[in-house]
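Report on the structure given below.
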Amino acid sequence: MKLMPHVYQVAGVSLSHAYDAAAYLIEGTEGLYLLDCGTPDGFEAIIGNIQKLQFAPEDIRAVYGTHGHYDHVGAAVLFKQKYGCSLCLHEEDVRQVEEADPVKTTAEILYGRAFPPCQVDRRLADGDTVEFGNGIAMEVLHTPGHTPGSVCFALDCAGYAFLVAGDTVWGGFSRQIGSDEARWRESLEKLTRRHFDGYTFGHIGANVVADADARLAEAKRQFATYYNPWFKPMKETFRYN
Ligand SMILES: [Fe+2]
């Protein structure tokens, strides 16, 4: 699904698998890049989505992960094995992904899955910049809180300021995964000091939120209103009686 020139959404609840967080494909001049990459459960559907857009998955050069959770980077090892791309992640979430921590990656506690361990090829740091070509540039913003190594991606898409927020906006809070309220509040301050034309977050449908500054300010105001939204793991079903 095309969001803007050279930027596509290829994963998410309505696009690939119920377990997948939203993932985005950037068409650079030297190849393709993913911002998050969904779960192994959604892997085949995500590949199908990329092919339906007339792109070749073999051209994927790198996966940039917003953080080390199953729904965001669980499929990274499959992309690496099949297409030889690299995984880029913030230092503070590297260990849980390389060691397949069943709790910190949320794989077992939320999804009842084993996290497929994956070597991280490049550590992301706050302020890193990437030039994709085709008028698209990206800045990495370290935004800890949901997890210690959570980052957001601030994209400049030919003058359109687009934020890929991962779970830093509307993500779940749990001390089991290293969530930290004080760091998270600082991260939301950091985001709301900047201007964005549009933004998206991990658990959104196939959408870009167009009034980004107002909605990010609202997310900051409402932070901790639903302090523990993980009422149940995804692997369980609600009982209504
Ligand atoms: Fe998460």
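Please treat every number below as a calculation from the coordinates, not as lab data. These numbers were taken from a predicted model, which means no experiment stands behind them. Every residue, glycine as well, gets a Cβ built from its backbone with ideal geometry; the counts of neighbours run over all protein chains shown.
Computed quantities for the displayed model
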item: DSSP-assigned coil residues among GluC sites (Glu not before Pro) in the range 75-111, each with at most 16 further Cβ atoms within 10 Å; result: 99
item: Spherically averaged projected area in nm², based on the convex hull that wraps the Cα atoms of the range 43-160; result: 7.6 nm²
item: Cβ crowding within 10 Å averaged over residues, with 70-78, 145-153, 169-177 ranked highest first; result: 70-78, 145-153, 169-177
item: Gap separating the Cα centres of the range 53-75 and the range 1-16, nearest whole Å; result: 12 Å
item: Helical mean residue ellipticity (222 nm; -39500 (n - 2.57) per DSSP H run of 4+; nearest 500) of the chain; result: -6000 deg cm²/dmol
item: Residue pairs, from the table 82/220; 104/220; 80/220; 52/80; 2/82; 52/220, whose Cα atoms sit over 32 Å apart; result: 82/220; 80/220; 52/220
item: Distant-in-sequence amide H partners of residue 87 (H built 1.01 Å from N, under 5 Å); result: 63, 121, 122
item: Largest-first principal axis extents of the Cα set of the range 128-169 (Å); result: 32, 17, 9
item: Relative contact order of the chain, defined on C-alpha pairs under 8 angstrom at six or more residues apart (%); result: 16 percent
item: Volume of the Cα convex hull of the chain, divided per residue and given in Å³; result: 114 Å³
item: Residue-wise HN-Hα coupling along the range 9-21, computed from phi with Karplus coefficients 6.51, -1.76, 1.60 (Hz; x: Gly, Pro); result: 9, 10, 9, x, 3, 8, 10, 9, 8, 4, 7, 7, 6
item: The chain: most fluctuating residue of 39, 106, 66 per GNM, C-alpha cutoff 10 Å; result: 106
